[in-house]
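Participant: First, the structure itself, so that you have it in front of you.
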Amino acid sequence: MEGQKRPSTKIRRKSSYGTSRRSILKKSFSQEQVTFTAPLSDDPLVAIIGGGISGLICALFLETRGVRSTVFDTGIHGLGGRLGTRVVDPHPLKFDHAAQFFTVNDSRFAELVNGWMDKGLVREWPGTVGELHNGGEFVPFVSSPPRYVATNGMRFLADSLLSQTRLVNVVRPCWISKLEPFNGMWHLSENGKPCGKFDAIVIAHNGKCANRLLMTSGLPLVAKQMKRLELSSIWALLAAFEDPLPFSGSTEVPFEGAFVRGVDSVSWMANNTKKLLISQSGGPHCWTFLSSAAYGKQNKVPQENIPSATAAKVKAGMLEGVEAALGLPKGSLPKPLYTRLQLWGAALPTNTPGVPCIFDPLGRAGICGDWLLGSNIEAAVLSGIALANQIADYFQSPVTDAGEFAVGLNHEFQPLEGHDIGQFPGLGSEEKMNEGQAYELAK
């Protein structure tokens with residue numbers, strides 16, 4: 001790891017969130033509020049629904065506080081959510097097909113990233129990154145903070161996070177379909193099949209599935225905040241080429257990653273083969289192309305049932321966009337030897353309450369996720385840490401007034417700025433982040 005820039009742990013930021021008052025817990029909405037009055041178990045157990053990085057970090061930090069948890073995740077190939085990596089044998093081809101890289105802005109996140117670097121899970125990505133304007137004009141970012149990637153692909157970072165834990169159980173693939181409060185505990189089930197009982201629950205995913213789960217849960221305040229969240233849709237096109245991609249006026253593309261400007265169908269492209277140091281001896285060359293949010297919205301369909309006509313149209317439109325961005329003559333982009341198209345129907349948040357976590361102590365339920373603070377891996381991690389500490393404090397406090405532990409149940413949402421593929425504070429021409437980025441967790 002010598003020569004790699006390590007994130008600084010010196011920056012501390014001011015808190016911009018307060019504790020919600022107990023009075024807001026008493027407001028009535030369309031469903032009746034669950035209020036647990038029974039004492040907690042002697043050795044309480046938390047259910048975390050969603051195995052993205054925020055849920056995994058929540059589990060990890062609950063363990064540091066001595067609290068057991070079970071993570072339920074729908075992933076078939078692995079954990080991680082939007083820390084997605086697809087491996088295609090027998091080539092093998094490898095693509096990061098959701099989160100592409102991350103930057104570090106907060107001291108607690110820096111400490112974690114340093115630990116991941118020491119274990120070889122993460123490394124700095126020194127490759128050239130910049131803006132690619134329609135027609136093949138590439139402008140590299142001259143000054144930017146260090147960029148980091150997972151050494152073997154984003155999903156493998158997620159799969160490694162809980163490898164040393166003792167108090168965390170993982171159940172996957174599992175799609176929790178019902179939350180039911182009964183006798184002072186939360187009873188979880190998957191299509192009628194019991195999945196255990198828990199002292200508290202964490203919702204670590206979002207979108208339609210989370211809204212459906214919370215709709216009849218007895219958690220009106222939590223459900224209301226989740227319902228306010230607005231999400232973009234992004235198409236991911238994975239493409240492998242036999243030879244290096246050509247570039248306007250050059251034999252080879254002069255970058256490893258680029259934010260695309262002036263092209264409707266594409267907002268980002270990255271060379272996974274170079275980014276992940278997969279091969280030093282020629283092809284195939286594995287590229288990830290991500291659409292713009294506007295293109296995702298124009299071509300949105302149910303992600304679990306994409307019509308073949310839509311898939312063909314989107315694939316053609318994105319490849320044409322890549323060709324235009326690279327400044328190539330129409331029809332001259334080499335034909336890929338492999339392609340796969342995926343729609344992230346609930347890709348990235350476009351608004352935020354600017355609070356690290358949400359917790360309803362009367363219902364013993366909370367939410368963590370990047371959208372509570374921003375739109376990046378750091379925000380997801382900080383949210384997971386915040387909720388873990390909030391729940392552990394609630395479990396371990398002698399305070400009898402549970403309402404004192406309420407957080408985030410009445411925060412108003414604000415628009416979220418950033419790139420179509422997320423926020424990277426300090427990177428190139430990134431627009432000023434919203435004020436929700438200026439925070440400091442209480443723990």
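The values are calculated or read from the model by the stated rules, or taken from the named source; none is laboratory data. Bear in mind that the values here come from a model prediction, so they are computed numbers and not experimental data. Note that each Cβ is placed from the backbone with ideal geometry, even for glycine, and that neighbours are counted across all protein chains shown. Ligands, DNA and RNA are stripped out before the accessible areas are found, and what is left, the full protein with its side chains, is counted by its heavy atoms. Shrake-Rupley method; radii C 1.70, N 1.55, O 1.52, S 1.80 Å.
Participant: When you go through (1) among the polar types (S, T, N, Q); (2) assigned to a helix (DSSP H, G or I); (3) open to solvent by less than 20 Å² (accessible area, probe 1.4 Å) one by one for Ser375, which number turns out not to apply?
Facilitator: Condition not satisfied by Ser375: (2).
Participant: Can you tell me which residue within the stretch 299-319, out of those that are of a type in the set (D, E, K, R) and within 11 Å of Leu341 (Cβ to Cβ), is most open to solvent (accessible area, probe 1.4 Å)?
Facilitator: It comes out as Lys313.
Participant: Then there's this: Of all residues being within 20 Å of the chain's Cα centre (by Cα) and open to solvent by less than 30 Å² (accessible area, probe 1.4 Å) in the stretch 390-417, which is nearest to Asn211 (Cα to Cα)? Just the residue, please.
Facilitator: Gly408
Participant: Quick one: in the stretch 238-282, of everything that is of a type in the set (D, E, K, R), touching a Leu at 6+ places or on another chain (Cβ under 8 Å) and at pLDDT 90 or above, which residue is nearest to Pro92 (Cα to Cα)?
Facilitator: Glu242
Participant: Does Gly257 qualify as being open to solvent by 10 Å² or more (accessible area, probe 1.4 Å) and either within 30 Å of Gly127 (Cβ to Cβ) or of a type in the set (Gly, Ala, Ser) (or both)?
Facilitator: So Gly257 does not fit the description; no.
Participant: Quick test for you: out of Gly135, Gly130, pick the one residue that is outside any helix (DSSP H, G or I), open to solvent by less than 30 Å² (accessible area, probe 1.4 Å), touching a residue at least 24 places away in the same chain (Cβ under 8 Å) and more than 30 Å from Thr216 (Cα to Cα).
Facilitator: One residue alone meets the criteria, Gly130.
Participant: Please work out which one of (1) in a strand (DSSP E or B); (2) modelled with pLDDT under 95 is the condition Val46 fails and give its number.
Facilitator: (2)
Participant: Could you list all residues from the stretch 174-211 that are open to solvent by 20 Å² or more (accessible area, probe 1.4 Å), assigned to a loop (DSSP other than H, G, I, E, B) and of a type in the set (Gly, Ala, Ser)?
Facilitator: Ser177, Gly192
Participant: Going residue by residue through the stretch 173-188, is there one that turns out to be over 19 Å from the mean Cα position of the chain (by Cα) and among the β-branched types (Val, Ile, Thr)?
Facilitator: Checked against the condition, which is being over 19 Å from the mean Cα position of the chain (by Cα) and among the β-branched types (Val, Ile, Thr), the stretch 173-188 yields at least one hit.
Participant: Given the options Lys274, Lys227, name the one that is more than 26 Å from Tyr148 (Cα to Cα), part of a helix (DSSP H, G or I) and open to solvent by 10 Å² or more (accessible area, probe 1.4 Å).
Facilitator: Lys227
Participant: Another question about this same structure. Tell me the residue from Gly296, Gly283 that is small (Gly, Ala, Ser) and either open to solvent by 70 Å² or more (accessible area, probe 1.4 Å) or not in a helix (DSSP H, G or I) (or both), please.
Facilitator: That would be Gly283, the only listed residue that is small (Gly, Ala, Ser) and either open to solvent by 70 Å² or more (accessible area, probe 1.4 Å) or not in a helix (DSSP H, G or I) (or both).
Participant: Further question on the same structure: All but one of (1) out of contact with any Asp or Glu (no Cβ under 8 Å at 6 or more places or on another chain); (2) at positive phi hold for Gly218; state the number of the condition that does not hold.
Facilitator: Just one mismatch for Gly218, condition (1).
Participant: Can you tell me which residue is farthest from Asn272 (Cα to Cα) among those in the stretch 58-96 that are modelled with pLDDT under 95, open to solvent by less than 20 Å² (accessible area, probe 1.4 Å) and assigned to a loop (DSSP other than H, G, I, E, B)?
Facilitator: Of everything passing the filter in the stretch 58-96, Asp73 is farthest from Asn272 (Cα to Cα).
Participant: Which members of the stretch 15-33 meet the condition of being modelled with pLDDT of 50 or more and either buried (at least 20 other Cβ atoms within 10 Å of the Cβ) or among the basic types (Lys, Arg) (or both)?
Facilitator: Across the stretch 15-33, there are no qualifying residues.
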